[in-house]
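Notes follow the structure.
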Amino acid sequence: DAGVIQSPRHEVTEMGQEVTLRCKPISGHDYLFWYRQTMMRGLELLIYFNNNVPIDDSGMPEDRFSAKMPNASFSTLKIQPSEPRDSAVYFCASSLMGSNQPQHFGDGTRLSIL
Amino acid sequence: KQEVTQIPAALSVPEGENLVLNCSFTDSAIYNLQWFRQDPGKGLTSLLLIQSSQREQTSGRLNASLDKSSGRSTLYIAASQPGDSATYLCASPGGAGANNLFFGTGTRLTVIP
């Protein structure tokens, strides 16, 4: 069974550009999570969805960040405009039944903003 | 807000040694405690999930314990192998029914052949 699939794996772009990260969760999972990992702050939850509905976006750092989940098999995290401090590894994870079940992570998108 | 701490940040052991990784949390009203493994350039892989009503969980050479009163969890790895080299993270939800996980910063384990 395919795991969580993220694309692209690496993204390098100049500040001010729009960045779109993509995620396909595991089929049948009803929770989807977006995380950001940096050396300084570790792993932080940005936003999560339940049945395609955003439930908690309190971790989204600024209005420059937005996330959507138009259907059960696809989600995007968009940064517009991007800044160098947004450079990090962004992970998507999915789970069945929220935090009472293990989360399954994708391999992440390594984002570098120049 | 649940705060999760892992010490040490890095650990090196010779192959075959048994070892313990530590995790501390601030809110004793813990819902569950989860242990993950992260390999370089990869996402996290769930290893064990201990419910608040449990004291420990085992999977193969791994055993995780939970002591709510002291705010601590340990991950015991028996007969370590070079393939166990990775970063190990623990995490806990923000509370009963919460789905946001708070992660420790991890312990980077190196098992020397």
Practice item. Return the average number of partner chain Cβ atoms within 10 angstrom of each residue Cβ along peptide B:31-40. Key: 2
Exercise for review: Could you work out, for chain B, what percent of all Cα-Cα pairs fall into each 5 Å distance bin, beginning at 0 Å and stopping at the bin that holds the largest distance?
Suggested key: 2, 13, 24, 26, 19, 10, 5, 1, 0
Point to revise | For a label point 7 Å along the Cα-to-beta-carbon line of B:Ala9, residues of the range A:73-114 with backbone N under 18 Å | key: A:89
**Study point:** Relative contact order %, chain A, counting alpha carbon pairs below 8 Å whose residues are six or more apart
**Key:** 37
Study note, to complete from the structure: Going through A:Lys24/A:Lys68; A:Lys78/B:Lys1; A:Lys24/B:Lys42 one by one, the pairs whose alpha carbons sit over 19 Å apart turn out to be A:Lys78/B:Lys1
Review point. Magnitude of the Cβ-charge dipole of the protein assembly as shown, K/R +1 and D/E -1, about the Cα centre, nearest 20 debye?
Key: 140
Exercise for review: Please list the equivalent ellipsoid semi-axes of chain A, computed as the square roots of five times the alpha-carbon gyration tensor eigenvalues, in descending order and whole angstrom.
Suggested key: 23, 14, 13
Exercise for review: Would you calculate the separation in nanometres between label points at B:Ser70 and A:Asn71, each defined as 7 Å from the Cα along the Cα-to-beta-carbon direction?
Suggested key: 5.2
Check your understanding: If you check each cysteine of the protein assembly as shown for another cysteine whose beta-carbon is under 4.7 Å away, which ones come up empty?
Key -> none
**Study point:** Electrostatic dipole magnitude of chain A [Cβ: Lys, Arg +1; Asp, Glu -1; Cα centre; debye, to 20]
**Key:** 180
Review point. So how much slack lies between A:Leu114 and A:Arg22, counting 0.36 nm per residue of separation and subtracting their Cα-Cα distance, in nm?
Key: 31.1 nm
Point to revise | Estimated inter-spin distance, B:Ser59 and A:Glu44, nm [label 7 Å along Cα→Cβ] | key: 2.8
Point to revise | Computed FRET value (nearest 0.05) for B:Ala29 with B:Ala78, which takes r as the C-beta separation and R₀ as 30 Å | key: 0.45
Study note, to complete from the structure: Taking r as the C-beta separation of A:Met15 and B:Thr45 and R0 as 45 Å, the FRET efficiency to the nearest 0.05 is 0.85
Revision key, fill the gap. Dipole check, chain A, charges on Cβ (K,R +1; D,E -1), about Cα centroid: among A:Thr38, A:Pro25, A:Leu77 the Cα furthest to the positive pole belongs to A:Pro25
Study note, to complete from the structure: Residues other than B:Ala86 with Cβ under 11 Å of its Cβ, Lys/Arg counted +1 and Asp/Glu -1, net out at +1
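No value in this document is a laboratory result; all are computed from the given coordinates. These figures come from a predicted structure and were not determined experimentally. Note: ideal-geometry Cβ built from the backbone for every residue, glycine included; neighbour counts use all protein chains shown.
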